[in-house]
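The values are calculated or read from the model by the stated rules, or taken from the named source; none is laboratory data. Since the structure is predicted, the reported quantities are computational estimates derived from the model, not experimental observations. As a convention, Cβ positions derive from the backbone with ideal geometry for all residues, glycine included, and neighbour counts pool all protein chains shown. Side chains are part of the model used for accessible areas, which takes the heavy atoms of the whole protein and leaves out ligands, DNA and RNA. Shrake-Rupley method; radii C 1.70, N 1.55, O 1.52, S 1.80 Å.
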Amino acid sequence: VNEMGDREQAVALLRRALALRERILAPDHPDLAATLANLARVLHDGALDEEALALAERALAIRRVKLGETHPDTARVQLLHARILSALGAAPDTGDVGFLPVGMAALVVVIGMAVGCAGGYLAARHVR
């Protein structure tokens, strides 16, 4: 919906999805983190960065615990978090021992995508 240009409807649908997932899922469930990150991204795209930052921080905290620091999904949210901080005129806290530098987070995302594609390719070849 957001890609079709209707940001308001996308925000409304994501808020509804978030409310449902918060009611149904555990507070540290990866699917909840995905919805938080998606809503944060759409809000950031609409320059609603204060709210986006709080959602991205929740999503990042969940993904760090559940998926680990170097997982591509964690890195994606870390990049989003850094973009939001930048838009707000702040810098990411790089003093945190578990924090990947933004460039490293981008690299983790790219490598994760490459591995995912290769894995799909190898699985498809194995089916023959």
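Descriptive notes on the structure:
- Taken over region 61-76, the criterion of being buried (at least 18 other Cβ atoms within 10 Å of the Cβ) and touching a Ser or Thr at 6+ places or on another chain (Cβ under 7 Å) is satisfied by ARG63, ARG64.
- Checking ARG41 against (1) of a type outside the set (A, V, I, L, M); (2) closer than 20 Å to ALA90 by Cα; (3) not in a helix (DSSP H, G or I), the condition it does not meet: (3)
- ASP45 passes every criterion in (1) touching a helix residue (DSSP H, G or I) at 6+ places or on another chain (Cβ under 7 Å); (2) under 22 Å from VAL65 (Cβ atoms) apart from (2).
- Applying a threshold of 6 Å to beta carbon distances and a minimum spacing of six or more residues, or different chains, the list of pairs starting in region 22-43 at a residue that is of a type in the set (Asp, Glu) and ending at one that is at pLDDT 95 or above and surrounded by 16 or more Cβ atoms within 10 Å (Cβ to Cβ) reads ASP28/ILE62.
- Selection status of LEU13, open to solvent by 40 Å² or more (accessible area, probe 1.4 Å), of a type in the set (A, V, I, L, M, F, W, C) and either at pLDDT 95 or above or over 15 Å from the mean Cα position of the chain (by Cα) (or both): yes
- Of the residues making up region 24-54, those that are of a type in the set (A, V, I, L, M), open to solvent by 20 Å² or more (accessible area, probe 1.4 Å) and on the phi < 0 side of the Ramachandran plot are ILE24, LEU25, ALA26, ALA34, LEU48, LEU53, ALA54.
- One residue stands out in region 77-103 among those that are surrounded by 13 or more Cβ atoms within 10 Å (Cβ to Cβ) and farther than 23 Å from GLY46 by Cβ: the one that is modelled with the highest pLDDT, namely LEU100.
- Failed criterion for ALA26 (all others in (1) farther than 20 Å from HIS81 by Cβ; (2) in contact with a helix residue (DSSP H, G or I) (Cβ under 8 Å, 6 or more places away or on another chain); (3) assigned to a helix (DSSP H, G or I) hold): (3)
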